[in-house]
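Novice: Have a look at this one.
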Amino acid sequence: MTRRTLPVLAATALFSSLGVAPAMAGSLSAGSLGGDTTYLTANITELNDSGVDSTAWLSLEGNELSVRIDSSGLLADAPHAQHIHIGGTNQCPSPDQEGTGFEGALRTTDAIDSYGAVQVSLTTEGDTSPASALAVDRYPVGDAPYSRTFTVTDEVAASLRAGEGSVVLHGVDHNGSGAYDGDQESDLDPTLPSEATDPAACGELNIDSMGSLSMGSLGGSLGSMGSSGSTGSLGSLGSLGS
């Protein structure tokens, strides 16, 4: 079988197999403080024995969403797609759930009934819709911290205010080669290795009813965020190319 590596031009690939699940509407919750501001957090823990440990902080005011993610344990020098999934049961799969991947590895579609479809692509710049789900040149590289403020749809905003959704980080080096490779193709795009899109970690979003998000002062840092987050140099990534 042909050995697959992650090409740079995969930036235009889509999560077509996931579709766009309807976002579930909800009422304004106890996490909405100061008018129309809702605060959420996610404790993002490993899937596929990735060793990843992350935390996400979100602040939603109207349709303006501010997100910060701090991670450790992600594959170095490799881009990691990251999304807000909404749908299914709005829960993360069990960390020991077996899937259809390498030696029973969990692939993205194996857990679609748990976390639902991609509703927001947490890119570092440009489009944040599901159409950018695999825009690998616009995702953080390795453990680079992520912070960005952008606008979401009414449907996504309603789901977040109801405390619905999960943050999923992707990209797992199953074989320890230090790059996305291997013989098994991705369940999302057959031109990609499965390692590039397999889920590395997941965290369910929970409303912070106290609004006490200690991310280095949420009110100050998120309010001044632009579209920051390091994508590194794609030309230097050992995990890219043919």
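The values are calculated or read from the model by the stated rules, or taken from the named source; none is laboratory data. The model shown is predicted, which means the values in this text are computed figures rather than measured ones. No Cβ is skipped: glycine too gets one built from the backbone with ideal geometry, and neighbour counts run over all protein chains shown.
Novice: Return the only residue of S221, S214 being part of a loop (DSSP other than H, G, I, E, B), at pLDDT below 75 and over 30 Å from T100 (Cα atoms).
Specialist: The match here is S214.
Novice: To continue, here is another question. Just the residues that are more than 17 Å from D137 (Cα to Cα) and of a type in the set (G, A, S), please, taken from region 184-205.
Specialist: Matches in region 184-205: S186, S194, A200, A201, G203.
Novice: Just checking, which of G116, G165 is crowded, with 24+ Cβ neighbours inside 10 Å, more than 18 Å from T55 (Cβ to Cβ) and either hydrophobic (A, V, I, L, M, F, W, C) or under 14 Å from the mean Cα position of the chain (by Cα) (or both)?
Specialist: Among G116, G165, only G116 is crowded, with 24+ Cβ neighbours inside 10 Å, more than 18 Å from T55 (Cβ to Cβ) and either hydrophobic (A, V, I, L, M, F, W, C) or under 14 Å from the mean Cα position of the chain (by Cα) (or both).
Residue-by-condition table, conditions (1) surrounded by 20 or more Cβ atoms within 10 Å (Cβ to Cβ); (2) assigned to a loop (DSSP other than H, G, I, E, B); (3) in contact with a strand residue (DSSP E or B) (Cβ under 7 Å, 6 or more places away or on another chain); (4) not polar (S, T, N, Q):
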{"site": "L134", "(1), (2), (3), (4)": "yes, yes, no, yes"}
{"site": "R148", "(1), (2), (3), (4)": "yes, no, yes, yes"}
{"site": "N175", "(1), (2), (3), (4)": "no, yes, no, no"}
{"site": "D183", "(1), (2), (3), (4)": "no, yes, no, yes"}
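Novice: If you don't mind, there's one more thing I want to ask. Show me the strands (runs of 3 or more DSSP E) entirely contained within region 28-126 in which 2 or more residues are touching a residue at least 40 places away in the same chain (Cβ under 8 Å), under 17 Å from P145 (Cβ atoms) and small (G, A, S).
Specialist: Once the strands (runs of 3 or more DSSP E) in region 28-126 are filtered for at least 2 residues that are touching a residue at least 40 places away in the same chain (Cβ under 8 Å), under 17 Å from P145 (Cβ atoms) and small (G, A, S), what remains is 53-61, 64-72.
Novice: Separate question: Out of all the residues in region 125-133, is one or more more than 16 Å from A196 (Cα to Cα), among the polar types (S, T, N, Q) and in contact with a Pro (Cβ under 8 Å, 6 or more places away or on another chain)?
Specialist: no
Novice: A further question follows. Answer yes or no: is there a residue in region 85-97 that is among the polar types (S, T, N, Q) and either surrounded by 23 or more Cβ atoms within 10 Å (Cβ to Cβ) or closer than 23 Å to N63 by Cβ (or both).
Specialist: yes
Novice: Shifting gears a bit: Given the condition out of contact with any Cys (no Cβ under 8 Å at 6 or more places or on another chain), surrounded by fewer than 20 Cβ atoms within 10 Å (Cβ to Cβ) and at pLDDT below 95, answer yes or no: does some residue in region 193-210 qualify?
Specialist: yes
Novice: Can you tell me which residue within region 68-98, out of those that are of a type in the set (D, E, K, R) and in contact with a Gly (Cβ under 8 Å, 6 or more places away or on another chain), is nearest to R138 (Cα to Cα)?
Specialist: The residue in question is D77.
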